[in-house]
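Here's the structure, in structure tokens; my notes come after.
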Amino acid sequence: MSSVFVVNSGSSSIKYQLVDLATEKAVVTGLIERIGEPGSFITNHADGMRVVLAKLGDVDDLIAVGHRVVHGGSEFDGPTLIDDEVEREIDALARLAPLHNPANLLGIRAARRALPDVPHVAVFDTAFHQTMSPAAYTYAIDADIAREYKVRRYGFHGTSHKYVSEQAALLLGKPLADTRTIVLHLGNGASVTAVDGGRSIDTSMGMTPLQGLVMGTRSGDIDPAVLVHLNRAAGMSVTELDELLNRRSGLLGLTGMGDMRDVQDAAINGNETAELALQVWRHRIRHYIGAYFAQLGGLDALVFTAGIGENNALLRRRALAGLEHLGILVDNDRNELASRAARVISPAGAPVTVMVIPTNEELEIARQVASIV
């Protein structure tokens, strides 16, 4: 068999899969955690990579290593063979993703040292969204400042949105080129993308993963003047504002609970604060569905994916309730069916086909790697 080793490196972790290209199945999967933390025997990513390769065993059939990289800016619009120059560009883009790109780069460097004789390929979360038009990605600020500091919408979760939208066309039995899809990637991090003919035309996340939907700890959309107000009135620094919006907002900020399961349980038990948080979460989703329905000029499929989208039938139903006038309906029996398979949850003959499709970002990365190696 031929296989691709897929690496998703965090600041203190390495998540990995060995994907058999013939079957498109993960033959090995795992996670190394607590790298460099007190008490851990794994002091750095090089040590972590040695542990991972020992778990993989014989890798004689390995054709390449695929690396998830969060931010590719406008420089990268597809999978890219990694050399020293590409490493430098990923490093330079760290100012746009300071929590992610440096961690991704640690994994790249460790893997290139450990496996120097196979190609290494970067697959960027932002690449799928490079098909957006300037009208969709341009922010209305001073153009010279935007150009100098690379301020624009980039979008994220691109590998998930690409994989899921392609699977939706297959499930519909329509050519991808003729399919208009809205993908709801709903997890602790969450985003929505409008996909027209396999191309991203708009997405909810922006220059960073902060913009858009209400998330576990991130605020999503907010009036920028709120930050100016908090700086002037509360004396909050840039660092404190960054901490507020990224780590103390979203569901956590509204309820004190960052896990949707806890928020939902509290709402079911009569907690009014939790119920309001769910209403805010739902309102934002519906806002984007309406906007992207208009941008697409109609809709063939609406797809739920990621942790909440794949597993929470109640929240799927609540998110779409009241959208019947758009042809978006949910069949309760289909929606409640517990399954890990891609499936339709709208009634037969509904104008818009509503689906649940489990995402598989590792497989998508492996496919993109294989396409250029």
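The values are calculated or read from the model by the stated rules, or taken from the named source; none is laboratory data. Remember, it's a predicted structure, so these values are computed and weren't measured experimentally. So basically every Cβ, Gly included, is an ideal-geometry build from the backbone, and we count neighbours across all protein chains shown. Only protein heavy atoms, including side chains, enter the accessible area calculation; ligands, DNA and RNA are left aside. Shrake-Rupley method; radii C 1.70, N 1.55, O 1.52, S 1.80 Å.
Name the single residue that is surrounded by the most Cβ atoms within 10 Å (Cβ to Cβ) among those in region 264-288 being under 12 Å from residue 314 (Cβ atoms) and aliphatic (A, V, I, L, M). Step through it out loud before you land on a result.
In the first step, residues of region 264-288 are kept if they are under 12 Å from residue 314 (Cβ atoms); the result is 264-265, 267-268, 278, 282.
Filter again for aliphatic (A, V, I, L, M), leaving 267-268, 278.
Numbers: 267: 19, 268: 12, 278: 23.
Selected residue: 278.
From the set of residues in region 340-363 that are out of contact with any strand residue (DSSP E or B) (no Cβ under 8 Å at 6 or more places or on another chain) and within 19 Å of residue 17 (Cβ to Cβ), which is least open to solvent (accessible area, probe 1.4 Å)? Looking at the filtered set, the residue picked out is 360.
Cβ separations smaller than 6 Å between residues 6+ apart or across chains give the following pairs from region 96-124 residues that are under 15 Å from residue 68 (Cβ atoms) to residues that are among the aromatic types (Phe, Trp, Tyr): 124/76. Among all positions in region 20-35, there is at least one residue which is in a loop (DSSP other than H, G, I, E, B), among the small types (Gly, Ala, Ser), open to solvent by 20 Å² or more (accessible area, probe 1.4 Å) and under 20 Å from residue 371 (Cα atoms). Just one residue in the set 203, 193, 179, 217 is polar (S, T, N, Q) and at pLDDT below 95; that residue is 217. When residues in region 307-340 are screened for being small (Gly, Ala, Ser), at pLDDT below 95 and farther than 22 Å from residue 268 by Cβ, 1 of them pass. Among the criteria (1) more than 19 Å from residue 17 (Cβ to Cβ); (2) in contact with an Asp or Glu (Cβ under 9 Å, 6 or more places away or on another chain); (3) surrounded by fewer than 23 Cβ atoms within 10 Å (Cβ to Cβ), the one residue 337 does not fulfil is (2).
Does residue 28 qualify as being touching a helix residue (DSSP H, G or I) at 6+ places or on another chain (Cβ under 8 Å), in contact (Cβ under 8 Å) with a residue 12 or more places away in the chain and under 20 Å from residue 81 (Cα atoms)? Judged against the criteria, residue 28 is not a match. Here region 134-161 is the region considered, the condition is being assigned to a helix (DSSP H, G or I) and in contact with a strand residue (DSSP E or B) (Cβ under 8 Å, 6 or more places away or on another chain), and the residue that is most open to solvent (accessible area, probe 1.4 Å) is 136.
With the structure loaded, tell me whether residue 131 is touching a strand residue (DSSP E or B) at 6+ places or on another chain (Cβ under 8 Å), at pLDDT 95 or above and open to solvent by 30 Å² or more (accessible area, probe 1.4 Å) or whether it fails that test. First the steps, then the outcome.
Values: touching a strand residue (DSSP E or B) at 6+ places or on another chain (Cβ under 8 Å): yes; at pLDDT 95 or above: yes; open to solvent by 30 Å² or more (accessible area, probe 1.4 Å): yes.
When the stated conditions are applied, residue 131 passes them.
Any residue at all in region 76-86 that's outside any strand (DSSP E or B), of a type in the set (S, T, N, Q) and touching a residue at least 12 places away in the same chain (Cβ under 8 Å)?
From region 76-86, those outside any strand (DSSP E or B) are 76-79, 82-86; that's our starting set.
Checking which are of a type in the set (S, T, N, Q) leaves us with none.
No: region 76-86 contains no residue that is outside any strand (DSSP E or B), of a type in the set (S, T, N, Q) and touching a residue at least 12 places away in the same chain (Cβ under 8 Å).
The set of residues from region 328-373 being within 22 Å of residue 186 (Cα to Cα), among the hydrophobic types (A, V, I, L, M, F, W, C) and part of a loop (DSSP other than H, G, I, E, B) comprises 328, 329, 330, 337, 338, 341, 342, 345, 352, 357.
Every residue in region 120-133 that is assigned to a loop (DSSP other than H, G, I, E, B) and in contact with a helix residue (DSSP H, G or I) (Cβ under 7 Å, 6 or more places away or on another chain), please.
Within region 120-133, 125, 126 meet the criteria.
All of 252, 244, 227 fail the test of being more than 27 Å from residue 316 (Cβ to Cβ), touching a residue at least 12 places away in the same chain (Cβ under 8 Å), under 22 Å from the mean Cα position of the chain (by Cα) and assigned to a helix (DSSP H, G or I), apart from 244.
Table: residues versus (1) closer than 23 Å to residue 156 by Cα; (2) modelled with pLDDT under 90; (3) surrounded by 15 or more Cβ atoms within 10 Å (Cβ to Cβ); (4) of a type in the set (Val, Ile, Thr).
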position	(1), (2), (3), (4)
43	no, yes, no, yes
47	no, yes, yes, no
56	no, yes, yes, no
68	yes, no, yes, no
98	yes, yes, no, no
108	yes, no, yes, yes
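Restricting attention to region 289-315, the residues that are in a helix (DSSP H, G or I) and either open to solvent by 40 Å² or more (accessible area, probe 1.4 Å) or more than 21 Å from residue 166 (Cβ to Cβ) (or both) add up to 11.
Annotation: of all residues in region 162-220 being part of a loop (DSSP other than H, G, I, E, B) and hydroxyl-bearing (Ser, Thr, Tyr), the one that is nearest to residue 101 (Cα to Cα) is 208.
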